[in-house]
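Take a look at the structure set out below.
The values are calculated or read from the model by the stated rules, or taken from the named source; none is laboratory data. Predicted model only: the values in this text are computed from it and were never measured. For neighbour counting, all protein chains shown are included, and Cβ atoms are generated from backbone atoms with ideal geometry for every residue, glycine included.
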Amino acid sequence: MAALRACLRHLEDDLGSGYVRVLQEMVAQTGRIPELSAACRDLLGGWCRLLAEVARATERRHRPIGPFSAEELATLVASAFFGAEALQLLGFDREALPIRSALRRIGVLIRELEGRGTSHPDTPQ
């Protein structure tokens, strides 16, 4: 849960700094400038690998997160954040499309899942 809160803080910082706009513009140009494809894949791949590591740590501490592998969960979370960034750049506000609250509810779901099964059977108490 702390990792998700950190991600949301970074999203706010990244939106404010202009980083999100630059990244989205780079991704948009990958069809015209093939060299950007590798750079964007490396950058976003690093983000996905970090998210997968966090998911694996959560699995070890608690239990598997539903039917998802760590990589699948990382893919969904990364896609949600990348899409949320794009929607915010398009000007969707909180009333029209509650992007930030939807992302925060992922954290609520994770917290609930952690509370139900508490620890993974192989985790020392």
Inside the stretch 12-28, can you point out the residues that are without any contact (Cβ under 8 Å) to a residue 12 or more places away in the chain and either among the basic types (Lys, Arg) or outside any helix (DSSP H, G or I) (or both)? Gly18
Collect the residues in the stretch 87-125 that are modelled with pLDDT of 80 or more, of a type outside the set (A, V, I, L, M) and in a loop (DSSP other than H, G, I, E, B), keeping them in residue-number order. Gly91, Phe92, Pro98
Could you list all residues from the stretch 69-111 that are over 22 Å from Leu43 (Cα atoms), touching a residue at least 60 places away in the same chain (Cβ under 8 Å) and crowded, with 16+ Cβ neighbours inside 10 Å? Ile106, Gly107, Ile110
Filter the stretch 29-67 down to residues that are outside any helix (DSSP H, G or I), surrounded by 15 or more Cβ atoms within 10 Å (Cβ to Cβ) and under 19 Å from the mean Cα position of the chain (by Cα) and give me whichever is modelled with the lowest pLDDT. Ile65
